[in-house]
1. When you scan the range A:115-130, how many residues do you find that are surrounded by fewer than 24 Cβ atoms within 10 Å (Cβ to Cβ) and under 22 Å from A:Val27 (Cβ atoms)?
2. So, in the range B:98-127, exactly how many residues are among the aliphatic types (A, V, I, L, M), surrounded by 15 or more Cβ atoms within 10 Å (Cβ to Cβ) and modelled with pLDDT under 90?
3. Just name the residue that is farthest from the chain's Cα centre (by Cα) out of those in the range A:5-48 that are within 14 Å of another protein chain (Cβ to nearest Cβ) and among the hydrophobic types (A, V, I, L, M, F, W, C).
4. Part of a helix (DSSP H, G or I) and either closer than 23 Å to A:His39 by Cβ or modelled with pLDDT under 80 (or both): does that describe B:Gln93?
5. Can you name the residue in the range A:20-44 that is surrounded by 22 or more Cβ atoms within 10 Å (Cβ to Cβ) and charged (D, E, K, R) and is also nearest to ligand 1 (Cβ to nearest atom) among such residues?
6. Quickly run through the range A:35-89 and pick out the residues that are touching a strand residue (DSSP E or B) at 6+ places or on another chain (Cβ under 7 Å), within 16 Å of ligand 2 (Cβ to nearest atom) and of a type in the set (Val, Ile, Thr).
7. Report the residue count in the range B:68-96 for those that are within 16 Å of ligand 1 (Cβ to nearest atom) and either farther than 15 Å from B:Ala57 by Cα or not assigned by TED's automatic domain parsing to the domain that holds B:Glu58 (or both).
8. Cβ-Cβ distance below 7 Å, separation of 6 or more or different chains: which pairs start in the range A:94-120 with a residue that is within 16 Å of A:Asp8 (Cβ to Cβ) and touching a residue at least 12 places away in the same chain (Cβ under 8 Å) and end on one that is hydroxyl-bearing (Ser, Thr, Tyr) and part of a strand (DSSP E or B)?
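The values are calculated or read from the model by the stated rules, or taken from the named source; none is laboratory data. Quantities reported herein were computed from a predicted structural model and do not represent experimental measurements. As a convention, Cβ positions derive from the backbone with ideal geometry for all residues, glycine included, and neighbour counts pool all protein chains shown.
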Amino acid sequence: MSGFDANDIVGTPGAWLDGSGDENEIVLSSRVRIARNLHGHRFTHNCDNAELDAILRKSLDAARRTRAFARSRYIAMGEISTLDRQLLAERHLVSRDFLHNSASRGVLFTPDEATSLMINEEDHLRIQGFAAGFDLGGAFRRANDLDDQLAPDVEIAYHARLGYLTACPTNLGTGMRVSVLVHLPGLVHSKEIHKLLESLRKLNHSIRGFFGEGSEVMGNFFQLSNSAALGTPEDVIVKNLREMVVKVIQYERRSRELLFHKAQRLLEDKVWRAYGLLRYARSVNTKEALSLISAVRLGVGAGLVRDVPIQTLNQLVVYIQPAHLQKRRGTTMDAQERDAARAECIREALSRSNRG
Amino acid sequence: MRPAKVHFTEIVNDNMVAMNLCLECAEEKGIDVNKAGSYGLGDLVAGLIDDTVDSEAERISKVRCPSCGYEYSDFKKIGRLGCPDCYDAFEAQLVQVLRHVHGSTQHAGKKAAQVGERAALRERMNVLREELSEAIRTEDYERAAAIRDEIRGLEAQVEDDA
Ligand SMILES: [Zn+2]
Ligand SMILES: [Zn+2]
């Protein structure tokens, strides 16, 4: 028994997803992921069940000795419902991969959900540190601290020349992926996003749609991250991305100003239509909701919409997702029922902030 | 298991470099997987999987990791290595992949000098505890006392670090 009850966490967005933090008009959250593997074991995808169990046992033993997880329970993926797994995925505590593969896989996270450890993901250990808003330093400190706390208690696969060894060679070296979740409607509407994509790639960074599959981009939310993990020290990887994000923020601000300058009435109309729909719609799917939220966020950033805090909109991005809707209602729902519940969830959040 | 789904070839310093990445990593690298078949971006030349049939390629694909039995061709299929030792086994083949992905072949970050230090101490303590009960069983009390001292020393060390 893991004793996990998703109802304990579903009512709050998690400290790092509460929508606060520096530059939260553009940067919703910051994340640092560190991949580690145990010495003397095959990589997860190449293991039989007995080996997965052995890895799990050693990893848990080490995790339970850390200060970070002194008050945390281990959640075995195989022991919780599909809906609970999905809820954890929507909060980024586990990856989508864990929805399908659950045997000998699990997660630990701190009560504030800002530090977490997945066991037997693509790599044996996937450490994550999160922070609200633009705070890569905070996210890095959390992940790196946990790595330091685990290190004495588990023998990690390490190569003098290649660094930390990972299942996929793209993570080799530091095993580190640093990323921010950014909202870039200005760059998308002004069609500048492709130029950005191109220049980021040249500078060894990558950008991709945050929601949706493949190359589909929903709500103009993007994930910006480093693409090289080998050959650069961790603090420099963090510094490089931070500088990149500062530039992207400036670039996005300028695009927004330009857009409002060139097409004020059109944009105002777009913002207020979106606001009206969110305030009064009775059914809305995820894709439409994200796109409407995107337009209202743009309006808040421009000072048009004054009665909705940006934080409320950032939280909605989490709450409108399927597992959150269902867990908060305490019942499973089909797609149509979810669309209705989603519309209601948004109406409530907006009318609350409207009164307050 | 996520199979390697994205295959593309790139020209690096006049050398053809074949890449096989799992979908997730390809996306993380910012490769638009939907367009991977007809990719025009940068210097990627799409659709050319490294099936340049010659005996050298054949030989390379058969190189085997002594620890896990993985062949280099398995890596090309799946986009992942079989175990940490594969990196040494496929070192020559991986150099170009690493140069392409990271622009480097040399780690420059955190060092794992202290890795597993306490784990090793505990392992040593377990061995000693077994030796201790063996010494007691054979009534070799002098040896038992020595082992007990050693265990206490290690215990103190583990506590200090914690
Ligand atoms: Zn991969
Ligand atoms: Zn191997």
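1. 0
2. 6
3. To start, the set of residues in the range A:5-48 that are within 14 Å of another protein chain (Cβ to nearest Cβ) comprises A:31-48.
Pick out the ones that are also among the hydrophobic types (A, V, I, L, M, F, W, C) and you get A:32, A:34-35, A:38, A:43, A:47.
Numbers: A:Val32: 10, A:Ile34: 14, A:Ala35: 16, A:Leu38: 26, A:Phe43: 25, A:Cys47: 28 Å.
For the range A:5-48, the residue satisfying everything is A:Cys47.
4. On the way: part of a helix (DSSP H, G or I): yes; either closer than 23 Å to A:His39 by Cβ or modelled with pLDDT under 80 (or both): yes.
Here the answer is yes, as B:Gln93 does meet what is asked.
5. The selected residue is A:Arg33.
6. Result: A:Ile55, single match.
7. So the answer is 10.
8. A:Val107/A:Ser116; A:Leu108/A:Tyr74; A:Leu108/A:Ser116; A:Phe109/A:Thr115; A:Phe109/A:Ser116
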